[in-house]
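Please read the structure below before turning to the comments.
The values are calculated or read from the model by the stated rules, or taken from the named source; none is laboratory data. In this text, all values refer to a predicted model and were calculated from it rather than measured experimentally. Here the Cβ positions follow ideal geometry from the backbone for every residue, glycine too, while neighbour counts run over all protein chains shown. These accessible areas exclude ligands, DNA and RNA; they are computed on the full protein's heavy atoms, side chains included. Shrake-Rupley method; radii C 1.70, N 1.55, O 1.52, S 1.80 Å.
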Amino acid sequence: MEKVQDYIASNKDRFLEELMELLRIPSISADPAYADDVRKTAEYVKDKLASAGADKVQLFETAGHPIVYGEKFKDASLPTVLVYGHYDVQPPDPIELWDSGPFEPIIKETKLHPGGAIFARGACDDKGQMYMHLKAFEAMMDAGEQPVNFKFMIEGEEEIGSDNLGIFCKEYKEMLACDVVLLSDTSIIANDTPSICIGLRGLSYVEVEVVGANKDLHSGVYGGAVANPINVLCDMIASLKDENHHITIPGFYDDVVVVSEVDRAKMNEAPFSLSKYKEGLGINDIMGEKGYTTLERTSIRPTLDVNGLWGGYIGEGAKTVLPSKANAKISMRLVPNQDPDKITKLFEDHFKSIAPSGVTVTVSPHHGGHAAVVPTDTPEYMAAHKAMEKAFGKEPIPERSGGSIPIVAMFEEVFGVKSVMLGFGLDTDDIHSPNEHYGLFNYYKGIETIPYFHDFYAQLKK
Ligand code: BES
Ligand code: MN
Ligand code: MN
């Protein structure tokens, strides 16, 4: 492993330049206008995977964006690691809130990244974290150290629900057969507090529309006598939670796994500063479900949030109008054992049932996904633990995250294997927000840690 680490140490500048180049391509999967750039990004990843030493490198076409695949087989007696990542990114909007161009990566120091961080859309989620695997692989190839068989599958649709990757995995189940999936698309607690993600939440996402009169009306002539869809929608949304911030949809909590007091106590031992949390967000108080700590609210408890709300007149000045319709996008983060389709149905039935007469309500489901938890008593988790400990000089803490990566539950379902979520970002890296960034420390630490993982995994899996 010394040769591997030497190679990494002497190629740091190039590793960074290559990531910058990758970040300059706006691979926004949600916007069809960027389809060519998404493909360019896939080509770039493909070329770099091939030059790093992978075989059978190719793009697999899907009904949407292409999937990059490559492998390096060594020996049937070795375990196979399937490395997963995504090269697509979220739209950069609102663009005016960026201090520099979202696709013009620059390096700046921050309080939490005194050694510098690279600012660009996708820097952390997930181009920077995905690219660490290519560079770690390159270093291992150069040093002639290959403790495992490698497969790489890098998709371009994670940010839009991974539907086509799901289809691809089922179709190419044999080609993709592996002992474990390895990904870096989650966070650590802090740069001096390594952690390993052992859980993700699921997701149910719906769009709702409330329609009143068949046209916009004068709010003086009709106001007070005809349902205002915006008022109605706000009332309906407000009723979805009670005064304890408990979700009121009947049956919503039925399948929620109750976490034991012992596990909750352990979970709350993780370092967390409420004052720093509030300070970082510029808020004077937190808000959430009664009876749970912030760490619990963002990991083991389901949530319901309005992601967008629109309707009526939002232009300059005042226009008196009683709008004919109102819309909202609503997400529910789910915990293990909650079925996204069932939750979507419960939401739909309930939401329609609380609609007053005088309006029509429609509910349209978007993508969803199951939560995932991974055990800590497996060779793969132990290998991740040892790799983190070796690279950081400190034992990592297992931690359940609040985010969602729906394909992780699918990997388990289709391949019958667990995933190792060896992420290196920080929750404060502003993923999906303006000024997303990724610490240089984190980028290099990830590249250094990954080869240790493969090495320990090969040893422990024997
Ligand atoms: N990498 C994130 C998920 C994540 C972030 C997990 C931080 C843990 C910590 C992923 O790219 C993502 O943004 N997922 C979406 C869901 C997807 C279906 C759009 C999410 O969580 O909103
Ligand atoms: Mn991601
Ligand atoms: Mn994301």
What residue among ASN435, PRO451, THR344 has its Cα farthest toward the positive end of the dipole of the range 325-455, where the charges are +1 on Lys, Arg and -1 on Asp, Glu, each on the Cβ?
THR344
How much of the pair distance distribution for the chain lies past 41 Å, counting alpha-carbon pairs only, in percent?
21
Here the FRET efficiency for TRP310 versus GLU389, based on Cβ atoms and R0 = 56 Å and rounded to 0.05, is 0.70
Counting sequence-distant residues (5 or more places) and residues on other chains, those with an amide H built under 5 Å from that of GLU289 are none
Looking only at lysines whose Cα falls under 21 Å of LYS461's and that sit 8 or more positions away or on another chain, we get LYS72, LYS74, LYS151, LYS386, LYS390, LYS418
Whole-Hz Karplus ³J(HN,Hα) for the range 95-102, in order, using 6.51 cos²θ - 1.76 cosθ + 1.60 and θ = phi - 60°, x for Gly and Pro?
5, 5, 8, 7, 7, 8, x, x
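Could you calculate the contour length gain from ASP192 to ARG264, that is, 0.36 nm times the residue separation minus the distance between their Cα atoms, to one decimal place in nm?
On the way: separation 72, 0.36 × 72 = 25.92 nm, distance 2.32 nm.
So the chain would gain 23.6 nm between ASP192 and ARG264.
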Using the Karplus equation 6.51 cos²θ - 1.76 cosθ + 1.60 (θ = phi - 60°), what ³J(HN,Hα) coupling, rounded to whole Hz, does each residue of the range 34-51 give in order, writing x for Gly and Pro?
9, 4, 5, 5, 4, 5, 4, 5, 4, 4, 4, 5, 4, 4, 5, 5, 5, 5
Student exercise, the range 300-403 dipole from Lys, Arg, Asp, Glu Cβ charges, in Debye to nearest 20:
280
Relative to the longest principal Cα axis of the chain, at what angle does helix 440-461 sit, 0 to 90 degrees, rounded to 10?
70
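Taking only the alpha-carbon atoms of the range 358-454, what semi-axes of the equivalent ellipsoid follow from 5 times the gyration tensor eigenvalues under a square root, in whole Å, largest first? Please report the intermediate quantities before stating the final value.
Numbers: eigenvalues 203, 84, 22 Å².
So the three semi-axes of the range 358-454 are 32, 21, 11 Å.
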Positive end of the charge dipole of the range 142-291 (Lys, Arg +1 and Asp, Glu -1 on Cβ, about the Cα centre): tell me which of ILE198, GLY224, VAL259 has its Cα farthest that way.
GLY224
Between MET1, ALA318, VAL420, whose Cα lies farthest towards the positive end of the dipole of the chain when Lys and Arg beta carbons carry +1 and Asp and Glu beta carbons carry -1, centred on the Cα centre?
VAL420
Measure nothing fancy, just the Cα-based angle from helix 127-142's long axis to the longest principal axis of the chain, in degrees from 0 to 90, nearest 10.
10
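Counting only other residues whose beta carbon sits under 13 Å from that of ALA328, what net charge do I get with K and R as +1, D and E as -1?
Numbers: positive: LYS325, LYS329; negative: GLU207, GLU209, ASP235, ASP305.
Charge balance near ALA328 sits at -2.
How many Å³ per residue does the convex hull of the Cα positions in the range 63-154 occupy? Write out the running numbers ahead of the final one.
On the way: hull volume 12.4 nm³, N = 92.
In the range 63-154, the Cα hull volume divided by residue count equals 135 Å³.
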What part of the accessible area of the chain, given as a whole %, is carbon or sulfur when the probe is 1.4 angstrom?
50
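Calculate, in nm to one decimal, what LYS342 and ASN284 gain on full extension: separation in residues at 0.36 nm each, minus their alpha carbon distance.
On the way: separation 58, 0.36 × 58 = 20.88 nm, distance 3.65 nm.
Net length gain for the segment: 17.2 nm.
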So how tilted is helix 12-23 from the main axis of the chain? Cα-based, degrees 0 to 90, rounded to 10.
30
About the Cα centre, charge dipole magnitude for the chain (Lys/Arg +1, Asp/Glu -1 at Cβ), debye
400
Using the per-residue mean of other Cβ atoms lying within 10 Å as a proxy for protection, in what order, highest first, do the peptides 126-137, 232-243, 271-282, 19-30 fall?
126-137, 19-30, 232-243, 271-282
Rounded to whole Å, √(5λ) for the Cα gyration tensor eigenvalues of the range 1-140, largest first, gives 27, 22, 11
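Per-residue counts of other Cβ atoms within 10 Å, averaged by peptide: what ranking do you get for 150-157, 430-437, highest first? Mind dumping the intermediate values first?
Working: 150-157: 26.2, 430-437: 19.8.
Final packing ranking: 150-157, 430-437.
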If the range 235-372 were replaced by its equivalent ellipsoid, with semi-axes equal to the square roots of 5 times the Cα gyration tensor eigenvalues, what would those be, largest first, whole Å?
32, 22, 12
Under the Karplus relation with 6.51, -1.76 and 1.60 and θ = phi - 60°, whole-Hz ³J(HN,Hα) for the range 363-376, x at Gly and Pro, equal 10, 10, x, 9, 5, x, x, 7, 5, 9, 10, 10, x, 9
Tail weight of P(r) past 24 Å, computed on alpha-carbon pairs of the range 126-257, percent:
62
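Which of the peptides 372-379, 308-315 is most tightly packed, and how do the rest follow, judged by the mean count of other Cβ atoms within 10 Å per residue?
Values: 372-379: 16.0, 308-315: 12.2.
Descending packing order for the listed peptides: 372-379, 308-315.
Grab the other residues whose beta carbon is less than 9 angstrom from that of ALA143, score K and R as +1, D and E as -1, and report the net.
Values: positive: LYS3; negative: GLU2, ASP6, ASP142, GLU145.
Net charge around ALA143: -3.
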